[in-house]
């Protein structure tokens, strides 16, 4: 005898709650993404230099020297699993050498606060040379048109 009140188990998944959760997460990520700090605040020196072309070699590797001598590495977050952040000199050499071995054409830039001791920036360049970097660029902010270039001659 078969009972009429028994139902067969349903083999379908109700995806509506999953879509709701996904939309909530999407809104949260859209709000928090612009708030993430991707670098450190540094007052770069101002210069009248041409910007570099980053389309050929991708995202550059940036080493920043703060006024107090602290080093920050910004590797774009996806190179060898390297996270951006405060780094000591020995770890800098190890990490950069691993990245350069994997991608020898990567652009390496050094950005130093305009009030940092020149010797500290020079030491970072020596560390990068030990890591196998052959070409190092220096970062600067664009020169304001009011500060350089053309002078106002109203007499």
> Do we find that residue 12 is loosely packed, with under 11 Cβ neighbours inside 10 Å and either out of contact with any helix residue (DSSP H, G or I) (no Cβ under 8 Å at 6 or more places or on another chain) or modelled with pLDDT of 85 or more (or both) in this structure?
Replying inline: yes
>> Please go through the stretch 83-103 and give me each residue that is surrounded by fewer than 17 Cβ atoms within 10 Å (Cβ to Cβ) and modelled with pLDDT under 85, ordered by number.
In response: 83, 85
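The values are calculated or read from the model by the stated rules, or taken from the named source; none is laboratory data. All values reported here derive from a predicted model rather than from experimental measurement. Using ideal geometry, Cβ is built from the backbone for each residue, glycine included, and neighbour counts are taken over all protein chains shown.
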